[in-house]
Amino acid sequence: MALKISAVIPHFNQQYCLDKCICSLLEQDVIFHKILIIDDCSNNIESLKFLNSYNQLYLVKNKVNMGRGFCRNLAINELTDPFIFFLDASNIVKKGYVKTALSHFNNEEVAAVSGLINNNFINDSFATKWRGRHLFKENHKFGMQAHDAKSLTTYGTILRRSAVLDVGNFNPSLRHSEDKDLGKRLLNAGYKIIGDPNLVVYSIKKDSVLSVLERYWRWYGGEDESMSLSDYLDAIKASFKPMMQKDLKAKDFKSILISFLCPHYGYFRYLFRKFTGKIQKFS
């Protein structure tokens, strides 16, 4: 019997790639009960009119920018199917991704299944190459066997809804790192998170130096966006080895600049947030 599943695409100002993301969902060899688009108060809402051409889409518009945790929490509450597929607006998946991922849920202990993320190389800028090398870790050897993962990501992940609700759902107050937070609670409750390297999510995000610096900060600053002086000094050391070391090995000399800037940008962001209290909106 086919497992019942719905899909969610949260987005903020990512209209430029949303259409490709939706098409990759519609090309899957499973039928989604619903495809929910959550717009987190994008600047140009008129550009979403193209969504009217898709009959099976449901659009929810936040009146103010609430952040990722709120959007994912909303999706779990809105949708009632036992499995929910989260796909970021800047990502696409090839046919067969969802069907293969669902096969892992025969084990009732499995709460989440995700794959690897890779650059699509449509926009092969040096910032995109840096992201692939240092954030996506494209050159890391994961092998070809599915394995128990130590953390949760939501860029292309199927979640068992009952397990997510069992541990309290996504934290709606977290503007980022909401997936890491949920993953910790799932693992602590005895659930399994499966990583399958045969599943590949392709990023089509348009990268710049600023966007990859911001993503690095979000990934490594954590949900509390803190960075002590000791952390800052450790980050400076890491920027030289292994980060710049990897850039040199790849003969990607422009990327060295990004690796050099990472710890300084992160510490600046921490101080800015600490002394101004201003909240950053994320796409």
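FYI, it's all coordinate maths here, none of it is from the lab. All of these numbers come straight from a predicted model, not from anything done at the bench. Don't worry about glycine lacking a Cβ; one is built from the backbone with ideal geometry, like all the others, and counts go over all protein chains shown.
General observations
- Taking Cα atoms only, the orientation of helix 209-221 departs from the longest principal axis of the chain by about 80 degrees.
- Footprinting exposure proxy ranking of Val113, Val167, fewest other C-beta atoms within 10 angstrom first, gives Val167, Val113.
- Taking a straight line from the alpha carbon of Lys61, these aspartates and glutamates sit under 15 Å away, with near neighbours fewer than eight places off in the same chain left out: Asp39, Asp40, Glu46, Glu78.
- Qualifying trypsin sites (Lys or Arg not before Pro) in the stretch 68-136, DSSP loop, other Cβ atoms within 10 Å at most 14: Lys94, Lys95
- FRET efficiency, Lys95 to Val64 (Cβ-Cβ, R0 35 Å, nearest 0.05): 0.45
- Within the stretch 39-105, none of the chymotrypsin sites (Phe, Trp or Tyr not before Pro) combine a DSSP coil assignment with at most 15 other C-beta atoms in a 10 angstrom radius.
- Pairs of Cα atoms nearer than 8 Å and 6+ residues apart set the relative contact order; for the chain it is 22 percent.
- Translational D in µm²/s for the stretch 158-283 (Stokes-Einstein at 4 °C, 1.567 mPa s, Kirkwood Rh from C-alpha pairs): 77
- Angle between the chain longest axis and helix 229-238 axis [Cα atoms, degrees, rounded to 10]: 90
- The C-alpha atoms of the chain define a longest principal axis, and helix 15-26 lies at about 40 degrees to it.
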